[in-house]
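Here is the structure we will look at, set down as structure tokens.
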Amino acid sequence: MPAIPRFCLYFLLLSLTGAVYGQATLRAPAYPLITHNPNFSIWSMGDSLAGSPTRHWTETDHDLLGLLRVDGKAYRFLGMEPTLYATVLPAADEADTPVRYTETAPARNWAEPGFDDTDWRTGSPPFADDTLAATAWTSDDLWYRRTFDLDSTNLEDLLLKLRHDDNVTVWLNGEQIYTVNGWQHSYKYLPVPDAAVANLRRAGNVLAIHIRNTAGGQWLDAGLVRRVHRPEEEEITVARQTDVTLTANQTSYAFACGGVDLSVTFTSPLLIEDLTVYARPISYVDVTVTPNDGADHDVDLYFGVSGDIARNTPGQEIKASRHTAGGLSYLRAGTTGQPVLGKKGDDLRIDWGHLYVAGSQEEVLQYPGETEDSWPVFLRRARPRTGPYSGNHAMLSTAADLGVVGAPVSRTFLVGYDEETSINYFGTPLAPWHKKEAETFSELLVTAWEEHDEIIRWVQAFDRELYAEATAAGGPDYADLCVLAYRQAIAAHTLVESPEGELLFLSKENNSNGSINTVDVTYPSAPLFLLYNPDLLKGMLNGIFYYSESGKWQKPFPAHDLGTYPIATGQTYGEDMPVEEAGNMITLTAAIAEREGNADYASQHWSTLTTWAEFLLESGFDPENQLSTDDFSGHLARNANLSVKAIIALAAYGKLAGMLGADSVATVYTTAAEGMARQWMELADDGDHYSLTFENPGTWSQKYNLVWDDLLDLGVFPPEVVETEIAYYLTRQNEFGLPLDSRDTYTKSDWILWTATLAPLPNDFKALMEPVRAFADQTPDRVPLTDWHDTVDARRIGFKARSVVGGYFIKLLKERKR
């Protein structure tokens, strides 16, 4: 038998593993469904698409609902029926109801109904430390009492409605019903124990709360609701899910629904090589029904999209209406108030602009309405009301009668969101990038509809290519991680154009503090954008350069951020990271030059880069006590890895100077960096490895910043530094990865991939990478991928849905460079 050619063997292996289709083989912590930007980001946070409500990345329900009726029997394949709550005791989002409170520790029986609170103050929730407070609260502790009467004590499925920051304990008539340490910046609904419900009375009930602020923001609001049951829910059978596949731009599910098979594919075409296509905040939902028994079946389909996607809190009224354009029927919904750019923060959802759902005018019937007038109308086969809607429980409903199905039948739905205004950029409101393509969103929907087939082919080809290239670079387990990271990393950004005509690609620091355009978030995410569109990396740097060059930021190092999303009017983070951010900005500018083969971008900002380089030359080598990107670990003086960052940045500046013909400057900075590297080896030397901080034996840390020494062809550190570190790291691993350093068992998965990419041998790369893949596959925390987890039990420590996982692509960046 003749030998199989090497390239044929390679593609044979890919086909055997499913890689030809570009699909990951791991179980994702959460599955992206509709992912475009921080405001428009909807996920399935479990294995089964119909096993839980679909949610925004903040874990607030953003309901999508899919029902398929086959021969009269209804199957649910997507999401869950939106929960309807009846108010028992209104929270502040529904009514202004004063309560009693004190900030001085009360007597032990303060939570009992009979306690005398007449000496307490009176105030209205929410209690908070910001402009949204009805009653200001800035002390460490607050005690809250709310007395209320009931029309009836027959309250099944009673729930505590609670929003809090930070640690909270709740009592009902003196009985503790809930306690937790932490914060929740949206309302959560918590079951009230049966014993506490049984203890309710017609008059004189007391809801009592103690809250303690431990750090950061402060907030308290609460109420009581009960879950409303609908008889139609009993008619629905959950579809049997038979498969789920994940590629870079698509998530696909397969189901068995009686005599038919159902496939559902969500496509968010984040094709960042083409900014016109990428910038359209429109996802495709493709549904195909195929008989599985050779018989004909009567089939119709329901697709519901909650109006909650267009509001931040449940109390905001929604207006919705039906329209047509270019052969499409579409529904449009948004808040009545439209508070454009009215809030900033982390755990927030958009409450301005408009949500759109579209389908073929010839194939669908659309109607907006109350939840009660949505999917229940479909199940009853009743005639829906199709006129405009205004209310607090909006559902955008699309029904499609597929008729008698004897062969595969498909329908396509579009789901989009027009922010209309995306960012406040130093006082100027900026429109989303897609306004450059079309003035109206209806035009954009029509274009997206007409290009559906072409875009789906493009997406599938791109996803196959990405998986194949990542597999060649680091193996199928590495390719799985790249697939998992792709949409999440991109969708944590918003694309706009500055008043000066510059591209701005602004990140939101999801689930850490909500900062916009954080430099030390840009730094780890950069490899993905260097690979697929360096202009987007420039868009991540442009705002920081502008902040300094405009004179608005006057320190000799870069700002940490431009504000709190979506308000980019100046740094809001409470402390500078001088060496961190100066090193990041210079290194990334050099990375752009390396990728493009010229230093044109650097030349535009040479004066600023020079200021930062001079700062590092003076203060970067042996850093004073300060924060770095791993700020959750606290301040650190003489940080060896931070010193590496400064040394690499100085060498990178020298390289840029050489590319621009400034040979004498290049010599000065290159020589300085080389000298610092030799001194670094002496100060960090700890025998078989290098220490966490200078002259601190018995400690260690990941020196992930060394990766740029290779990627930028700097050659500042001798090869034995990397060889020594990699050999040591391989002895310090736990089941789910290499700890960040010797202080704790937690890690940052993006940094592990950078550290692994240092490894000269493929087997060492895999040995360091594979535990990260195991973490992603096995973590019990079903939220969008965290980059901060414990290496012993795979649990999330903090963070989710952040762009930094774009750093997973660094191995692919290195291999493509070769």
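The values are calculated or read from the model by the stated rules, or taken from the named source; none is laboratory data. What you see is a predicted model, and the numbers here were worked out from it, not measured in a lab. Cβ sites come from the backbone with ideal geometry, for glycine too, and all protein chains shown count toward neighbours. All accessible areas refer to the heavy atoms of the entire protein, side chains included, with ligands and DNA or RNA removed. Shrake-Rupley method; radii C 1.70, N 1.55, O 1.52, S 1.80 Å.
Within the range 286-310, the set of residues being in a strand (DSSP E or B), among the aliphatic types (A, V, I, L, M) and out of contact with any Gly (no Cβ under 9 Å at 6 or more places or on another chain) comprises 289, 305.
When we screen 239, 248 for residues that are surrounded by 21 or more Cβ atoms within 10 Å (Cβ to Cβ), of a type outside the set (Asp, Glu), in contact with a Leu (Cβ under 6 Å, 6 or more places away or on another chain) and touching a residue at least 60 places away in the same chain (Cβ under 8 Å), the only hit is 248. Scanning the range 147-164 for residues that are in a strand (DSSP E or B) and hydroxyl-bearing (Ser, Thr, Tyr) yields one hit, 147. Within the range 573-584, how many residues turn out to be touching a His at 6+ places or on another chain (Cβ under 8 Å) and either of a type in the set (A, V, I, L, M, F, W, C) or without any contact (Cβ under 8 Å) to a residue 12 or more places away in the chain (or both)? Within the range 573-584, residues that are touching a His at 6+ places or on another chain (Cβ under 8 Å) and either of a type in the set (A, V, I, L, M, F, W, C) or without any contact (Cβ under 8 Å) to a residue 12 or more places away in the chain (or both) number 1.
Residue 402 fulfils the conditions (1) open to solvent by 30 Å² or more (accessible area, probe 1.4 Å); (2) more than 24 Å from residue 540 (Cβ to Cβ); (3) not β-branched (Val, Ile, Thr) except for a single criterion, (1). Applying a threshold of 7 Å to beta carbon distances and a minimum spacing of six or more residues, or different chains, the list of pairs starting in the range 407-422 at a residue that is touching a residue at least 40 places away in the same chain (Cβ under 8 Å) and in a loop (DSSP other than H, G, I, E, B) and ending at one that is open to solvent by 30 Å² or more (accessible area, probe 1.4 Å) and not hydrophobic (A, V, I, L, M, F, W, C) reads 408/288; 408/290; 421/429. Residue 69 meets the conditions (1) farther than 26 Å from residue 300 by Cα; (2) crowded, with 21+ Cβ neighbours inside 10 Å in every case but one. The failed one is (1). Among the residues of the range 49-62, the ones that are open to solvent by less than 10 Å² (accessible area, probe 1.4 Å) and either in contact with a helix residue (DSSP H, G or I) (Cβ under 8 Å, 6 or more places away or on another chain) or part of a strand (DSSP E or B) (or both) come to 2 in all.
Restrict the check to the range 636-651 and report whether at least one residue is assigned to a loop (DSSP other than H, G, I, E, B), out of contact with any helix residue (DSSP H, G or I) (no Cβ under 9 Å at 6 or more places or on another chain) and either modelled with pLDDT of 95 or more or of a type in the set (Asp, Glu) (or both). Scanning the range 636-651 turns up at least one residue that is assigned to a loop (DSSP other than H, G, I, E, B), out of contact with any helix residue (DSSP H, G or I) (no Cβ under 9 Å at 6 or more places or on another chain) and either modelled with pLDDT of 95 or more or of a type in the set (Asp, Glu) (or both). Screening residue 483 against (1) at pLDDT 95 or above; (2) in contact with a Lys or Arg (Cβ under 9 Å, 6 or more places away or on another chain) leaves a single unmet condition, (2).
Taking the range 458-572 and the helices (runs of 4 or more DSSP H) fully enclosed by it, the elements with 2 or more residues that are among the aromatic types (Phe, Trp, Tyr) and either free of Cβ contacts under 8 Å to residues at least 60 places away in the same chain or open to solvent by 10 Å² or more (accessible area, probe 1.4 Å) (or both) are at 534-549. Annotation note: of 680, 606, the sole residue that is within 27 Å of residue 540 (Cβ to Cβ), of a type in the set (Phe, Trp, Tyr) and modelled with pLDDT of 95 or more is 606. For the range 79-90, does any single residue satisfy the condition of being among the aromatic types (Phe, Trp, Tyr), surrounded by 15 or more Cβ atoms within 10 Å (Cβ to Cβ) and modelled with pLDDT under 95? Among the residues of the range 79-90, at least one is among the aromatic types (Phe, Trp, Tyr), surrounded by 15 or more Cβ atoms within 10 Å (Cβ to Cβ) and modelled with pLDDT under 95, which makes the answer yes. Elements of the type helices (runs of 4 or more DSSP H) sitting completely within the range 710-818 and holding at least 2 residues that are surrounded by fewer than 16 Cβ atoms within 10 Å (Cβ to Cβ) and more than 18 Å from the chain's Cα centre (by Cα): these cover 719-729, 762-778, 810-817.
Kindly provide the set of residues from the range 638-679 that are touching a residue at least 40 places away in the same chain (Cβ under 8 Å) and of a type in the set (Lys, Arg), ordered by number. Within the range 638-679, 638, 645, 655 qualify. State whether the residues of the range 289-298 include one that is of a type outside the set (Asp, Glu), open to solvent by less than 10 Å² (accessible area, probe 1.4 Å) and under 24 Å from the mean Cα position of the chain (by Cα). No, because not a single residue in the range 289-298 is of a type outside the set (Asp, Glu), open to solvent by less than 10 Å² (accessible area, probe 1.4 Å) and under 24 Å from the mean Cα position of the chain (by Cα). When we screen 81, 94 for residues that are over 22 Å from residue 261 (Cα atoms) and assigned to a loop (DSSP other than H, G, I, E, B), the only hit is 94. Residues in the range 52-75 that are touching a residue at least 60 places away in the same chain (Cβ under 8 Å) and more than 30 Å from residue 406 (Cβ to Cβ) were compared, and the one that is farthest from the chain's Cα centre (by Cα) is 63.
Sort out which residues of the range 251-262 are among the polar types (S, T, N, Q) and crowded, with 24+ Cβ neighbours inside 10 Å, and write them in order of number. If the condition is that a residue be among the polar types (S, T, N, Q) and crowded, with 24+ Cβ neighbours inside 10 Å, then 251 is the only one that fits. Would you confirm, using the coordinates I've provided, whether residue 191 is surrounded by fewer than 18 Cβ atoms within 10 Å (Cβ to Cβ) and within 30 Å of residue 113 (Cβ to Cβ)? Yes.
Restricted to the range 626-682, and to residues there that are closer than 25 Å to residue 702 by Cα and among the hydroxyl-bearing types (Ser, Thr, Tyr), the residue that is surrounded by the fewest Cβ atoms within 10 Å (Cβ to Cβ) is 633. Consider the range 117-132 and keep the residues that are in a loop (DSSP other than H, G, I, E, B) and at pLDDT 95 or above. The one that is farthest from residue 230 (Cα to Cα) is 119.
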